[in-house]
Amino acid sequence: MTKPPSILICDDEADLAGELGEFFSACGWQTIVHTTAPDALEALHAGLAPTCLLTDLRIGHFSGAELVAATRRLPKALQPQVYCIMTGHVVESTEAKDFGADLLFIKPLDPDLALNDIQKLIPAAYSA
């Protein structure tokens, strides 16, 4: 049996984070939602190792880019395979790589589009 993909969603907008979590869960993903970057980072340090990290660019006093950078310093086995940042703010760059991510989404986020783009970057064994 194939292991389902997992996603760690980190957004300080609890309603949005919850809705995204419900969407990915309905698509067969194991879903973990945190509303603060320190909580998400703690879960990652504890061995969570999700297939994908989807984080807001601005999470309180923390930035999604900082969360991505901190996650990339974890042992390889604990790092997500796909890093995504989403933002509803005007940003100087629209290049995901400028934030250390694989994908950059602009809010309002279309969850179907996000799922499609993420699935293109993960191994076929995880495709839900």
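The values are calculated or read from the model by the stated rules, or taken from the named source; none is laboratory data. Just so it is clear, the structure is predicted and the values come from calculations on it, not from any experiment. Note that each Cβ is placed from the backbone with ideal geometry, even for glycine, and that neighbours are counted across all protein chains shown. Heavy atoms of the whole protein, side chains included, go into the accessibility calculation; ligands, DNA and RNA do not. Shrake-Rupley method; radii C 1.70, N 1.55, O 1.52, S 1.80 Å.
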Search result, residues across the range 13-33 that are open to solvent by 70 Å² or more (accessible area, probe 1.4 Å) and within 16 Å of residue 62 (Cα to Cα): 13
Residue within the range 101-109 that is among the β-branched types (Val, Ile, Thr) and closer than 16 Å to residue 121 by Cβ present: no
Residue match in the range 57-80 (condition: aromatic (Phe, Trp, Tyr) and in contact with a strand residue (DSSP E or B) (Cβ under 6 Å, 6 or more places away or on another chain)): no
Search result, residues across the range 92-115 that are crowded, with 16+ Cβ neighbours inside 10 Å and over 18 Å from residue 24 (Cα atoms): 96, 99, 100, 101, 102
Scope the range 34-50; condition open to solvent by less than 60 Å² (accessible area, probe 1.4 Å) and among the aliphatic types (A, V, I, L, M); matching residues: 37, 40, 41, 43, 44, 48, 49
Where residue 20 falls short, out of the listed (1) under 24 Å from residue 120 (Cα atoms); (2) without any contact (Cβ under 8 Å) to a residue 12 or more places away in the chain: (2)
The range 95-106: number of residues that are over 21 Å from residue 12 (Cβ atoms) and touching a residue at least 12 places away in the same chain (Cβ under 8 Å): 1
Strands (runs of 3 or more DSSP E) wholly inside the range 16-128 containing at least 1 residues that are at pLDDT 95 or above and among the hydroxyl-bearing types (Ser, Thr, Tyr): 30-34, 52-56, 82-87
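Yes/no matrix, rows are residues, columns are (1) among the polar types (S, T, N, Q); (2) within 14 Å of the chain's Cα centre (by Cα):
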residue: 11; (1), (2): no, yes
residue: 21; (1), (2): no, yes
residue: 30; (1), (2): yes, yes
residue: 51; (1), (2): yes, yes
residue: 61; (1), (2): no, no
residue: 85; (1), (2): no, yes
residue: 95; (1), (2): no, no
residue: 108; (1), (2): no, no
Counted residues, the range 107-124 - those being among the hydrophobic types (A, V, I, L, M, F, W, C) and within 22 Å of residue 13 (Cα to Cα): 5
Condition met for residue 120 (open to solvent by 40 Å² or more (accessible area, probe 1.4 Å) and not hydrophobic (A, V, I, L, M, F, W, C)): yes
Selection status of residue 77, within 20 Å of residue 44 (Cβ to Cβ), surrounded by fewer than 13 Cβ atoms within 10 Å (Cβ to Cβ) and not aromatic (Phe, Trp, Tyr): yes
